[in-house]
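For reference, the structure discussed in these notes is given below.
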Amino acid sequence: MLIQDRAALNYVHMKNASFLLTIMFLLIIVLATLQVVISNKLSTAGVQLTTLYDNSAHYRDENEAIKTQLYSALSMASISAKAKELGFVVDSSPLVIKQKTRVALK
Amino acid sequence: MIWRTKFASFLFIFILLLIVVRLFYWQIIKGTEIAQRAFSQYVRISELHPERGEIKTSDNFPIVANQPGFLLFANPRLIADQEKSARDLAPIIDSESSSISAKLMSDLAWVSIKNKIDKKTREKIESLKLQGIDFERFDFRLYPEASLAANLVGFVGKDDAGADKGYFGLEGYYDRELKGRAGKVQEIKDAQGRPILIGEKKIEEKIDGRNLLLNIDRRVQFIVEEKLKEGIARYGAKGGTVAVMDPKTGAILASASFPTYDPAKYEEATDSSYFKDPFISDNYEPGSIFKPLIMASAINENLVTESTHCDNCSGPVVIADYTVRSWNNKYFPDTTMMQVIEHSDNTGMVFVSRKLGLDKLFSYLEQLGIGKQTNVDLQGEAYSSIRAKNKWYPIDLATAAFGQGIAVTPVQMLTAISAIANGGKLMEPHVVAKIESSDGRIVEIKPKVVREVFSQNTTRTVTEMMVNSVEKGEARWARPKGWKIAGKTGTSQIPIAGHYDPTRTVASFVGFAPSEDPKFAMIVKINEPTSSIYGSETAAPIFFKIARELLIYYNIPLKE
């Protein structure tokens, strides 16, 4: 191989290597910047997360309070007291049908 | 010049070595300690409290649920004026100012002031803006039906470590299923205590407690409690117990006892004996309600039939130094077995016991579960063992036949009578029908046959005897017309210091209805009624009042 050819080949190789190195360097810069930006966003998301936790706890407590009121309203004791208040009385005499009644048959 | 270079090099190496040694000390020797300190600064470990399972009746209504609550605590070291803080808090949390003040004056970093604070009370306390006071969330139990089935349910207290623990009844028996398992969240936090998402986060999921779905029918429970309360007041009794069971499955449909307590305020109960459920823990001599069981045993062995005549019923029966008399001193010579039950004739039962003999009587007592635990799913079941056979005398054989000298609990008695109601099988009693996990999986608790005790012929015969007893016996005046009810009254004297007190009795009634296809079996036990000592005049009317309501509730058509 001629010395001039070898020199040209070396020059091409060096140019390719530089190009690759430049690309890699730029990539590193971009990725590092991205990491910083995303980490920054995530690290301050704790504020929003705490707010969400607080809201969730607040709604859970409200649901529990409503559930408590519902259970009390549906209890036998409440219904019985309300019924007495409204004048309802227990009718414990069973209705007995002694005669045979006609029923419509298809 | 060369020595200066060498000296400088030596100095640099020496300083480098010092740094390496120091780094070795901090990173290797003290490394673990430093890492732990740093860990505690930037890592927060929170416990995820599991929700305790609910207890629901058969209509899926929770008689025990949870409500959000708070524990009020203080850091006394941060409170400047403890007396003022105590005075401000006292009226809001309904506590003595002096007791709060004593806690605030302690040299501790954390003291508990009061538990079970609701949201409204918390807001009132927060409006005071007191230093050193804070809250910790702690759900506590809610009882929508107040003290309905209190003895059956039990209550939730604290264990030695301060964690929630169920005591007595269902809360005690099913504590492991109800409590669930706490979870943990480990996350990185910032200086303000807020979570940092990019940090490592470890989560151990909590498992909420499982719900109990009971066989208890809320309407039946309500009827039973109402009528029992009325009866205790009317007859001037010290207390009482009523329980209802499905004889075919052993499912407990209702169980009530008075006096009782409020499980939401168990710490205020005046007598800790109220915590025990008398249905499963009260041992007492059953008296005449035991007679159908002994009669069934003798019939099952073909030793007697309903028309067998008694040959020792013309007067009191003398056994060794003892004399067995009838409860009303009336005697019916040549009486039949049907009439023995109808008249509740003690001398007739002596005849039956002699026919049966000690060995067979013992065998049937064992088969009926007398003297053993029934394994009902409630904490606190007690039982009284039967004396060894070789310690029985002829008088013991005689008295056991009419339910004296032998102790049972109401649950044992009800389970045994149900064996007559369902054609002869002893069923295992159980309160819980299903257990429901937080992920929706359901485990059913199926009815369990303990053993076959009587033949169907035997149970048909004894059922007829019990129906006859209701229709022609001492309690016939109280029975509801239109349905066939099988039952037996009982009046047993209470043994005190080796003898029986004739003025203090346990009045009871046991039975099932409708007799031809029983929907329910029930026991009523009234302790020391004062208006009348007899079961026919106290326990029987209560039984029939409840039975009438249940027969209508279950739409059982009238027969007459």
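Since every read-out is calculated from the coordinates, none of them should be taken as a lab result. Fair warning: this is a prediction, and the values are worked out from it, not measured in the lab. All Cβ positions, glycine included, derive from the backbone under ideal geometry; neighbour counts span all protein chains shown.
What does the structure give for A:60-68 when I average, per residue, the other chain Cβ atoms found within 10 Å of the residue Cβ? Display every interim value, and only then the final one.
Values: counts 1, 4, 2, 1, 9, 5, 0, 7, 7.
For this peptide, the per-residue mean of nearby foreign Cβ atoms is 4.
Using 17 Å as the cut-off for backbone N distance, which residues of region B:497-520 belong to the label zone defined by a point 7 Å from the Cα of B:S273 along Cα→Cβ? Flagged as within label range: B:497-498, B:501, B:504-507. Shape call for region B:97-253 from the C-alpha gyration tensor, a ≥ b ≥ c root eigenvalues: rounded (a/c under 1.5), prolate (a/b greater than b/c) or oblate? Oblate is the answer for region B:97-253, as a/c is 1.5 or above yet b/c matches or exceeds a/b.
Under 5 Å from the amide H of B:V43 lie the amide H atoms of B:K189, each residue being 5 or more positions distant or on a separate chain, with H modelled from the backbone and absent for Pro and chain starts. Rounded, prolate or oblate: which fits chain A when a ≥ b ≥ c are the square roots of the eigenvalues of the alpha-carbon gyration tensor, with rounded for a/c under 1.5 and prolate only if a/b beats b/c? Oblate is the answer for chain A, as a/c is 1.5 or above yet b/c matches or exceeds a/b. As a proxy for reagent exposure, B:I125, B:I319, B:I29 were ordered by neighbouring Cβ count within 10 angstrom, fewest first; the result is B:I29, B:I319, B:I125. The orientation-averaged projected area of the convex hull spanned by the Cα atoms of the protein assembly as shown comes to 62.2 nm². Each part gets one Cα centre, and for region B:195-262 versus region B:295-347 those centres are 42 Å apart. Rounded to the nearest 20 debye, the dipole magnitude of chain A is 860 debye, with +1 charges on Lys and Arg beta carbons, -1 on Asp and Glu beta carbons, and the Cα centre as origin. What the phi angles of region B:410-426 give under the Karplus curve with 6.51, -1.76 and 1.60, with θ = phi - 60°, is a coupling list of x, 5, 5, 5, 5, 5, 5, 5, 4, 5, 6, 5, 9, x, x, 9, 8 Hz, glycine and proline written as x.
Stretched out straight at 0.36 nm per residue, the stretch from B:E204 to B:I2 would grow longer than its current Cα-Cα span by 66.1 nm. Can you compute the FRET efficiency between A:L74 and B:K238 using 1/(1 + (r/R0)^6), with r the Cβ-Cβ distance and R0 = 35 Å? Round to the nearest 0.05. Calculated transfer efficiency: 0.55.
Run the paramagnetic zone check for B:R137: 7 angstrom along Cα to Cβ, then residues of region B:88-120 with backbone nitrogen under 20 Å. B:113-120, by backbone N distance to the label point.
Angle of helix B:2-24 to the longest C-alpha principal axis of chain B, folded into 0 to 90 degrees and rounded to 10: 10°. Derived scalar couplings between HN and Hα for region B:232-238 equal 4, 5, 5, 9, x, 8, 7 Hz in order, rounded to whole Hz, by the Karplus curve 6.51 cos²θ - 1.76 cosθ + 1.60 (θ = phi - 60°), x for Gly and Pro.
About its Cα centre, the dipole of the protein assembly as shown is roughly 1520 debye, where the only charges are +1 on Lys and Arg Cβ and -1 on Asp and Glu Cβ. Taking the C-alpha atoms only, the angle from helix A:76-85 to the longest principal axis of chain A is near 50 degrees. This ranking places B:D107, B:D359 by how few other beta-carbon atoms lie within 10 Å of each, fewest first, which gives B:D107, B:D359. Normalised by the number of residues in chain B, the average gap of Cα pairs under 8 Å and 6 or more apart makes the relative contact order 14 percent.
Between B:D517 and B:D190, the FRET efficiency estimated from the beta carbon spacing at R0 = 60 angstrom works out to 0.25. Overall, the anisotropy analysis places region B:226-354 in the prolate class: the square-rooted eigenvalues a ≥ b ≥ c of its C-alpha gyration tensor yield a/c not less than 1.5, with a/b exceeding b/c.
The equivalent ellipsoid of region B:413-505 has semi-axes of 33, 22, 16 Å, largest first, where each one is the square root of 5 times an eigenvalue of the Cα gyration tensor. Please count, across region B:353-490, the pairs of lysine residues with Cα atoms under 24 Å apart that sit 8 or more places apart or on different chains. Value for region B:353-490: 25.
Dipole of region B:287-402 computed with +1 at Lys/Arg Cβ and -1 at Asp/Glu Cβ about the Cα centre; of B:Y331, B:V318, B:N346, farthest Cα towards the positive end is B:V318. Taking amide H positions as modeled 1.01 Å from N, with prolines and chain starts lacking one, the residues under 5 Å from B:Q404 and 5 or more places away or on another chain are B:G287. Which of B:P541, B:P247, B:Q186 sits farthest toward the positive end of the charge dipole of the protein assembly as shown, with +1 on the Cβ of Lys and Arg and -1 on the Cβ of Asp and Glu? Final value for the positive-end residue is B:Q186. Taking θ as phi - 60° and the Karplus parameters 6.51, -1.76 and 1.60, the scalar couplings of region B:338-346 work out to 4, 6, 4, 6, 4, 8, 6, 7, 5 Hz in sequence order, x denoting glycine and proline. Residues whose amide H falls under 5 Å from that of B:V64, counting only those 5 or more places apart or on a different chain, are B:I55, with hydrogens built in the peptide plane.
Sorted fewest first by neighbouring Cβ atoms within 10 angstrom, B:M413, B:M105 come out as B:M105, B:M413. Where only DSSP H runs of four or more residues are counted, the protein assembly as shown gives -13000 deg cm²/dmol as its mean residue ellipticity at 222 nm, each run worth -39500 (n - 2.57). The distance from the alpha carbon centre of region B:67-92 to that of region B:521-560 is 53 Å, rounded to a whole number.
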